[in-house]
Structures are given as C-alpha cells and as structure tokens.
1. May I ask for the longest run of the chain untouched by trypsin sites (Lys or Arg not before Pro) that are loop-located per DSSP and have at most 10 neighbouring C-beta atoms (other than their own) within 10 Å?
2. Obtain the nm distance between the two label points defined at VAL237 and GLU197 by a simple spin-label model: each point lies 7 Å from its Cα along the Cα-to-C-beta direction.
3. State the answer as a single residue: which of LEU186, VAL16, GLY123 lies farthest towards the positive end of the charge dipole of the chain, with beta carbon charges of +1 for Lys and Arg and -1 for Asp and Glu, about the Cα centre.
4. Taking 0.36 nm per intervening residue step and subtracting the Cα-Cα distance, what contour gain separates LEU26 from LEU178 on full extension?
5. Of LYS108/LYS165; LYS217/LYS278; LYS126/LYS165; LYS67/LYS278, which pairs sit farther than 22 Å apart, going by alpha carbon to alpha carbon?
6. How long are the three semi-axes of the equivalent ellipsoid for the stretch 67-283, computed from the Cα gyration tensor as the root of 5 times each eigenvalue, in whole Å, largest first?
7. Can you give the FRET efficiency to the nearest 0.05 for GLU167 and TYR229, using r as the Cβ-Cβ distance and R₀ = 35 Å?
8. What's the Kirkwood radius of the stretch 9-50 in Å, using all Cα pairs?
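Laboratory data are not the source of any read-out in this text; all were calculated from the coordinates shown. These numbers were taken from a predicted model, which means no experiment stands behind them. Note: ideal-geometry Cβ built from the backbone for every residue, glycine included; neighbour counts use all protein chains shown.
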Amino acid sequence: MWKAFPHSSHEMNHLVGAPLLKKYPLLKVSMKDPELTLHVEIREQGTYIFCQTIPAVGGFPRGSNGKAMLLLSGGIDSPVAGWSSMRRGLEVECVHFYSYPFTSRLAKEKVIELAKVLSGYAGEIKIHLVPFTEVQTSFTGIGQDNLIITLMRRSMLRIAELLAKREGALAIVTGDSLGQVASQTLPSMNVIGRATELPLLRPLIMMDKNEIIRISKEIGTYETSILPYEDCCTLFVPKSPTTNPNLRVVENVEASIEKLPELIQDAFERTETLVLTKDYVIGEEEEAGGVNEDWF
C-alpha cells in the first residue's frame with residue numbers, strides 16, 4: 001500500500017468490505033476458507049482491485065548477484081541447475097564440451113536447444129562450445145581407466161575457469177546431485193573440485209531425481225534433455241569408475257600425461273562462442289539480430 005495514503009490496511013478492510021456487504025446481503029465473510037479473496041492494492045497513481053494472484057518464478061533480477069559459468073551437458077540436471085542459478089540473480093554463461101567425431105552434430109545441437117530454452121528466462125544467454133576430443137582421449141591408454149571420469153571433470157573445470165576469467169565470472173555452476181553417480185560422491189566431488197580456485201555452486205546437491213525431473217518439465221527442458229544423443233560425459237565411461245579417488249594419485253597421473261596443460265590451453269583457445277535468444281543463434285562476432293544458419 002502507498003505509505004502516504006491516509007487509511008491503514010485495517011481501516012481499508014472496513015471501508016471496502018462494509019459497502020459490499022450492504023450491497024450484496026447474501027455475501028458471508030469467512031476468515032478461514034473463503035471462496036473468493038478480494039485484494040485492494042493502493043498506489044500513488046491509482047488503485048488495483050483483483051481476486052486472482054498468478055505466481056511467477058520469483059527470485060532476483062538477472063545479473064544482480066554476479067556472473068557464473070554453467071557446465072551444460074545434454075542431460076536433465078545441468079539445465080535445471082542453470083535455471084535455479086538464474087532465479088537467484090546470477091547471469092549464467094553456458095560451457096559445453098563436445099568430442100567430435102565421438103559425439104554427433106545432433107548432440108551439439110541438442111545442447112544449443114537447451115541453452116535457447118534457458119535464454120527464454122534471461123532474454124539472451126551466451127554459450128561456449130569447447131572442443132574436448134584431444135583432452136579426453138589423452139586419458140585413455142594410461143592404465144587408469146577407473147579415474148577417467150575424475151580426470152575429465154577436473155580438466156573441464158580448468159577450462160571453465162579460463163573462460164570465467166576471460167568473461168569476468170566469479171563462480172562455476174554444476175548439476176551435481178549428491179550420490180547420483182560415481183563422480184558425485186562426496187570424495188569424488190572433493191578431488192574434482194580441487195582443480196579450480198573458483199567457488200563451485202551446486203544448486204541440485206540435495207535434490208532427488210524425481211524432484212529434478214519435475215522442475216525440468218516445468219521449465220521446458222525435459223523433452224530435449226531425454227533425446228538419445230550422447231555427449232562427451234557418456235563416452236569412455238569405465239565399468240567401475242572410482243567413487244573414492246585419492247587426490248595425490250590423481251595429481252600424479254595428470255603430471256604423467258604429456259602436454260596436458262597445453263591441450264587444455266588449446267581447447268580453451270579454440271572454443272567457439274555463440275549468443276542465443278529463444279528464437280535466434282547469434283555468432284559472437286555477428287551483429288545482434290543476425291542468425292548463424294549453420295546451426296539449423
């Protein structure tokens with residue numbers, strides 16, 4: 001209510017309610033279970049009377065709490081994590097890792113479609129497409145198959161950190177849900193998270209899968225997420241990935257991989273960036289409103 005208005009909310013209940021009850025004598029007042037609730041909102045420029053309130057997403061304005069990089073895969077979880085982060089006022093830039101020719105063009109387009117759905121909540125969204133093939137294949141044939149997922153995710157964080165520094169982001173968002181897969185046990189997340197100095201934000205960490213699926217359906221990402229196109233996270237998955245990696249062992253394995261830092265730097269430098277809206281894909285160097293038709 002407008003603070004300078006001469007009547008309080010309590011007084012307005014009587015000033016509005018009394019004439020209504022006199023005009024319509026069959027009306028009854030129920031404080032516990034009313035069939036209809038009449039709202040009166042008094043502002044300086046006018047008064048609004050309404051009986052229905054439609055809940056919106058809520059949260060904070062875009063960018064009011066800073067910027068973060070979202071690790072966006074083609075699955076169900078990470079788009080929900082991105083939406084939850086945007087709801088809390090984060091400006092989100094997506095980072096997707098693809099491993100052509102092991103992953104198809106359709107897998108890449110699937111992730112772009114997911115990012116476009118998220119852009120509908122933000123106006124536009126930036127996505128960084130990282131060529132991950134050379135980094136990912138460097139972990140094969142070293143006799144540490146059970147550590148491949150751990151090694152891969154640590155490299156992803158390093159590349160995301162480089163992008164974050166370039167783009168002015170202060171955190172990395174992931175779709176981790178505690179205990180859901182081998183890389184999301186507490187020991188695994190501890191070792192993986194040591195690869196970056198940036199804060200790791202995990203909006204879904206205590207959610208169960210049914211809750212995440214429910215939100216994905218509500219925000220419009222579920223049907224795209226379940227399309228059967230593999231991303232790089234599902235490649236080279238060992239039969240028995242470790243759920244309790246040792247940090248010292250992991251660091252020694254990384255040190256033994258020839259030119260791993262150079263491969264990470266090269267993937268960062270070859271990253272392609274697109275700006276997406278709900279209906280358009282705009283190349284980073286193109287003017288707003290242009291469409292990169294290669295992606296359709």
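1. With trypsin sites (Lys or Arg not before Pro) excluded where exposed in loops, the chain gives 33-238 as its longest stretch.
2. 3.4 nm
3. VAL16
4. Separation in residues times 0.36 nm, less the Cα-Cα distance, equals 49.1 nm.
5. Going by Cα-Cα distance, LYS108/LYS165 fall outside the 22 Å limit.
6. Semi-axes from the Cα gyration tensor: 26, 19, 17 Å.
7. 0.85
8. About 11.6 Å for the stretch 9-50.
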